[in-house]
Structure formats: C-alpha cells, structure tokens
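Please read the structure below before turning to the comments.
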Amino acid sequence: MRLLTNLLALTVLVVTIGCFSTAAVARSSQKKYEVTHTREEWHKLLAPMAYYVLRNAGTEEAFTGKLLNVHDKGTFTCAGCGQKLFRSETKFESGTGWPSFWQPISPKSIEKIEDLSDGMTRTEVKCSKCGGHLGHVFDDGPQPTGLRFCMNSVAMKFVPDTKK
C-alpha cells in the first residue's frame, strides 16, 4: 500500500512539474516577435543542434561549444536572427563549460523569463527579436554586475571586429 501511495505521489509530482514547464512554454510562445518563422522555416534556417537549443530551449553539452574559447574582440549575435547580444569585453571564464558574459549589449536585446523546468527555478534568457532560447542568467558572476549570462554557443554567432 505504501509503495502505491509513493508511486501516486511521484506521478502527481512529475505531472505538476510538466504542467509548470508546459505553461511557461505556452506563455512565451504567445508573444509576438519581430522575427518569426514557421517550424518548417526554422528547420531550414538552422542546423539541427541550433534548432534544438533556440526553438526547443535545449542545452548543448558542456565544454563542446565552438564559442567557448573565443577571445577575439567582437560581437556575439543571435544565430536565429542576427541581433547583437554580447560584446567580447563582457565575456569571462566561468569554468562552467559555456560562454559566459556579465552583461548584454543592451537590456532590450534580451528578455528574461522565469523557468521552472527540470525541477528548479532559474531565469531563462531569450533573444528579444526572435524569441530564441539562449541560455540562463545566474547571480554568481563577476562585478560590476554580479551576473553570469551562461549562453549556448550554438545559439550565437561571433562577428569579429574589423581592423582598420
């Protein structure tokens, strides 16, 4: 009987977490973005892993991203729409396995959304122009902001500064 009660409680918990996660996705998908495409168009525009991260709020494996060790001067842009997101001067080594920044180019270039998925409370970071999932922001970063924008490499492109 106790096993049955525990299984029932576990089922209720899993369904509840799933509902919170689904509700967050439903809320964010109702917003109208400047850049929009159908699911089929996004599939054509993005590589499979970029689609998984940007359109399905996925996460690339730690220490595998191509932008993790980029230290040149330049701008990190959204891989979905090209919006400027972060400058290289705000990038730092967090040791987490993902490119980390202490500040976006502009507060208007991103949006922050409460994320209750995976049994934890986090703050999701999305591109404000196309709604693509970029990663999460945490309050354990360096000064001057104390923030760590932990981004997926595959969700961004790097545009080096041109030398004159």
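The values are calculated or read from the model by the stated rules, or taken from the named source; none is laboratory data. Predicted model, so just to flag it, every value in this text is computed and none were measured. As a convention, Cβ positions derive from the backbone with ideal geometry for all residues, glycine included, and neighbour counts pool all protein chains shown. Side chains included, ligands, DNA and RNA excluded: accessible areas come from the protein's heavy atoms. Shrake-Rupley method; radii C 1.70, N 1.55, O 1.52, S 1.80 Å.
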Under a cut-off of 18 Å between alpha-carbon atoms, report the lysines in cross-link reach of Lys112, not counting same-chain residues fewer than 8 places apart. Lys31, Lys32, Lys84, Lys126, Lys129
Whole-percent pair-distance distribution, where bins are 10 Å wide, for the alpha carbons of region 29-164: 13, 46, 34, 7, 0
Give the peptides 38-44, 90-96, 153-159 in descending order of average Cβ contacts within 10 Å, highest first. 153-159, 90-96, 38-44
Which whole-number percent is the relative contact order of region 52-133 (Cα, under 8 Å, 6+ apart)? 27
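Can you compute the FRET efficiency between Phe158 and Ser117 using 1/(1 + (r/R0)^6), with r the Cβ-Cβ distance and R0 = 35 Å? Round to the nearest 0.05. Spell out each step's value before the answer.
On the way: r = 28 Å, r/R0 = 0.79.
After rounding to 0.05, the efficiency reads 0.80.
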Within the accessible area of region 24-164, what % is carbon and sulfur when the probe is 1.4 Å and the other protein chains stay in place? 52
Can you give me the solvent accessible area of Met120 with a 1.4 Å probe, rounded to the nearest 10 Å²? 90
Please work out the C-alpha center-to-center distance from region 83-160 to region 54-80 and express it in whole Å. 10
